[in-house]
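*Asks:* Pasting a structure here, questions to come.
The values are calculated or read from the model by the stated rules, or taken from the named source; none is laboratory data. Treat the numbers as computed from the prediction; the structure is a model and nothing was measured. Cβ atoms come from the backbone with ideal geometry, glycine included; neighbour counts cover every protein chain shown. Just the protein is used for accessible areas: all its heavy atoms, side chains included, with ligands, DNA and RNA removed. Shrake-Rupley method; radii C 1.70, N 1.55, O 1.52, S 1.80 Å.
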Amino acid sequence: MKSSGTVSAVLHHKGAAIWSVAPETTVFEAIKIMAEKNIGALLVLSSGGRLLGVFTERDYTRKVALQGKSSKETRVREVIAPEIVSVGPEDTVEHCMKLITEHRTRHLPVMEGDRVTGLVSIGDLVNWIISAQDATIAQMEQYISGGYPSA
């Protein structure tokens with residue numbers, strides 16, 4: 001099944017708030033922010049606003065907790081993945097789902113050139129797909145019952 005919609009539409013629907021930290025932020029401080037904001041990831045931005053990576057709950061569990069490191073001493077720059085998988089505002093929801101599956105990630109920064117304009121998560125994309133399916137079902141039900149306007 002094709003999932004219509006663009007990243008831009010998803011951001012418009014969910015909001016484009018961007019939560020970020022500097023690379024020198026401790027993992028403890030980053031997790032505290034994530035808990036306060038009820039989010040699963042933070043963008044890691046340089047002082048000039050350049051995207052350096054994405055810090056996630058998965059980074060904490062696998063690269064700090066399970067390695068016996070101290071979250072109060074470890075910096076996010078030490079545990080973020082070196083590879084950044086990102087999308088643009090005109091990319092499709094379907095393309096995003098493919099990237100998430102292929103790269104085994106849960107969060108995709110949205111870039112316009114070198115500028116970060118948002119972040120979409122697998123949850124955002126699934127919610128978009130469910131909403132789109134609900135709208136399609138409602139239209140089909142209306143059409144079947146004769147309530148759909150003819151062209």
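*Asks:* Against the condition among the polar types (S, T, N, Q) and touching a residue at least 40 places away in the same chain (Cβ under 8 Å), how does S8 come out, does it pass? Spell out the reasoning first.
*Replies:* Details: among the polar types (S, T, N, Q): yes; touching a residue at least 40 places away in the same chain (Cβ under 8 Å): yes.
Here the answer is yes, as S8 does meet what is asked.
*Asks:* Then there is this: Examine the stretch 123-133 for a residue that is assigned to a strand (DSSP E or B), under 28 Å from H12 (Cβ atoms) and of a type in the set (A, V, I, L, M, F, W, C), and state whether such a residue exists.
*Replies:* The answer is no, given that none of the residues of the stretch 123-133 is assigned to a strand (DSSP E or B), under 28 Å from H12 (Cβ atoms) and of a type in the set (A, V, I, L, M, F, W, C).
*Asks:* Looking at the stretch 23-35, I want the residues that are in contact (Cβ under 8 Å) with a residue 12 or more places away in the chain and have a partner that is basic (K, R) and in a helix (DSSP H, G or I) with Cβ atoms under 6 Å, at least 6 apart or on another chain. Which pairs are those?
*Replies:* Cβ pairs passing all conditions: P23/R77.
*Asks:* What number of residues in the stretch 36-58 are of a type in the set (D, E) and either in a loop (DSSP other than H, G, I, E, B) or at pLDDT 95 or above (or both)?
*Replies:* Counting residues in the stretch 36-58 that are of a type in the set (D, E) and either in a loop (DSSP other than H, G, I, E, B) or at pLDDT 95 or above (or both) gives 1.
*Asks:* Answer with yes or no whether E141 is more than 27 Å from G15 (Cβ to Cβ), without any contact (Cβ under 8 Å) to a residue 24 or more places away in the chain, in a helix (DSSP H, G or I) and among the acidic types (D, E).
*Replies:* Criteria met by E141.
*Asks:* Are any of the residues in the stretch 73-80 among the polar types (S, T, N, Q), at pLDDT below 95, assigned to a loop (DSSP other than H, G, I, E, B) and farther than 20 Å from D124 by Cα?
*Replies:* No: the stretch 73-80 contains no residue that is among the polar types (S, T, N, Q), at pLDDT below 95, assigned to a loop (DSSP other than H, G, I, E, B) and farther than 20 Å from D124 by Cα.
*Asks:* Tell me the residue from K98, K37, K72 that is in contact with a Ser or Thr (Cβ under 8 Å, 6 or more places away or on another chain) and open to solvent by 50 Å² or more (accessible area, probe 1.4 Å), please. Let's see the steps before the verdict.
*Replies:* Working: K98 fails: in contact with a Ser or Thr (Cβ under 8 Å, 6 or more places away or on another chain); K37 fails: in contact with a Ser or Thr (Cβ under 8 Å, 6 or more places away or on another chain).
None of the others qualify; the one that does is K72.
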